[in-house]
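The values are calculated or read from the model by the stated rules, or taken from the named source; none is laboratory data. Source: prediction; values computed, not measured. Cβ sites come from the backbone with ideal geometry, for glycine too, and all protein chains shown count toward neighbours. Surface areas here come from the heavy atoms of the whole protein model, side chains and all, with no ligands, DNA or RNA. Shrake-Rupley method; radii C 1.70, N 1.55, O 1.52, S 1.80 Å.
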Amino acid sequence: LIVHGLFADYDGTLAPAEVDREKSRLPSVIEAGLREIASRIPLAVITSKDFEFIHPRTRFADAWACAGGLEIRLSNGKTFATRKLRDLTVGLSYVYKMIGERFYIERKLGKSGRLLVFSIDWRRGQEISRDLLGAILNKLSQEGLCVSYNASYPFVDVFAAKPDKGRALNKLKKMLGIKGEVMFIGDSAADNPAFDKADVSLCVSHGQPLDEVRSEFVVDYDKLDLFLSSLARNELDFSPSLPHIRSK
Ligand SMILES: [Mg+2]
């Protein structure tokens with residue numbers, strides 16, 4: 001199967017998961033593999049992060065689906081934004097009231113300055129208590145907000161509309177004019193809609209539980225760069241017998 005477009009998640013997939021926002025960087029060996037592939041086919045990042053974060057870290061990409069796909073931007077400036085967005089300000093002030101400065105709150109903005117996602121993140125410092133987290137999740141869901149939380153990860157994302165990385169993948173394919181097969185690389189159940197829509201789906205394993213992840217193949221994080229260069233060397237012809245990957 002010839003890969004005509006490569007799409008990938010960022011956190012936990014291309015870059016290590018448990019890193020503070022400002023410190024997160026793409027390892028140079030992975031960047032080299034991606035650049036090699038991006039010189040031949042369209043490459044896009046599908047992330048829950050915002051453009052301001054993802055763009056400087058992956059400038060060589062052709063497109064970025066940000067905030068779980070609520071905003072898509074191409075390198076030529078073309079933008080697609082989800083129209084129906086909930087106002088997150090009430091939910092956000094509730095969260096500030098409940099947790100104050102104890103945990104990091106990340107605000108992810110769209111091109112127009114609109115708040116698309118906010119995240120509560122306890123990667124640094126103390127763990128959030130179950131009771132406090134439960135109360136916050138309850139309240140935000142009651143407000144009708146779209147809350148995404150997976151107990152294996154130390155953060156919660158609250159979206160202004162339902163994120164769907166699968167829809168983002170299809171939209172990107174169209175916007176980038178990709179006619180053939182595409183590959184998606186991710187690392188969590190939040191990536192399942194994109195794994196489902198891709199022709200080849202690969203999960204990066206970094207020690208997280210994989211039972212809920214719906215990818216067809218798995219690669220260890222420290223072998224991802226080697227896999228990317230072997231795919232490039234193989235003329236982008238994906239085969240299950242390529243080195244460094246295994247069936248899930
Ligand atoms: Mg991820």
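Of note:
- Selection of GluC sites (Glu not before Pro), the range 1-68, meeting DSSP coil and at most 14 other Cβ within 10 Å: Glu18, Glu22
- Taking the C-alpha atoms only, the angle from helix 89-99 to the longest principal axis of the chain is near 70 degrees.
- Of the solvent-accessible surface of the range 111-218, computed with a 1.4 Å probe and all protein chains present, 45% belongs to carbon and sulfur.
- Equivalent ellipsoid semi-axes, the range 87-235, via Cα gyration tensor eigenvalues times 5, rooted, Å: 32, 20, 13
- Rolling a 1.4 Å probe across all protein chains gives Thr82 an accessible area of roughly 30 Å².
- 222 nm mean residue ellipticity, helices alone, for the chain (DSSP H n ≥ 4; -39,500 (n - 2.57); rounded to 500): -8000 deg cm²/dmol
- Karplus-based coupling profile of the range 183-195, in residue order and whole Hz: 10, 10, 10, x, 8, 8, 5, 5, 8, 3, x, 6, 4, with θ = phi - 60° in 6.51 cos²θ - 1.76 cosθ + 1.60 and x standing for Gly or Pro.
- Taking Cα atoms only, the orientation of helix 224-233 departs from the longest principal axis of the chain by about 30 degrees.
- Surface per residue (accessible, 1.4 Å probe) for the chain, Å²: 46
- Rg and Dmax, both from the Cα atoms of the range 43-145 and both in Å, are 15.3, 46.
- Of all lysines in the structure, those lying under 26 Å Cα to Cα from Lys173, and not within fewer than 8 positions of it along the same chain, are Lys49, Lys78, Lys84, Lys108, Lys111, Lys162, Lys165, Lys197, Lys248.
- Site pair Glu235 and Glu127 shows an inter-label distance of 5.2 nm when each label is modelled 7 Å from Cα along Cα→Cβ.
- The spacing between the range 68-103 and the range 182-203, judged by their C-alpha centroids, is 23 Å.
- For the range 6-95, the gyration tensor built on C-alpha atoms gives an oblate shape. Its axis ratio a/c (a ≥ b ≥ c) is at least 1.5, and a/b is not larger than b/c.
- In degrees, nearest ten, helix 165-175 long axis to first principal axis of the chain (Cα): 50
- Here's how it looks for Ala8: its modeled amide H is under 5 Å from those of Ala44, Val45, Ile46, Ile185, which are all 5 or more places away or on a different chain.
- Computed over the range 1-83, relative contact order equals 24 percent, with contacts defined as Cα pairs under 8 Å that lie 6+ residues apart.
- Cα gyration tensor shape of the range 186-243, rounded if a/c is under 1.5, else prolate or oblate by comparing a/b with b/c: oblate
- Debye, to nearest 20: dipole size of the range 129-185, +1 on Lys, Arg Cβ, -1 on Asp, Glu Cβ: 360
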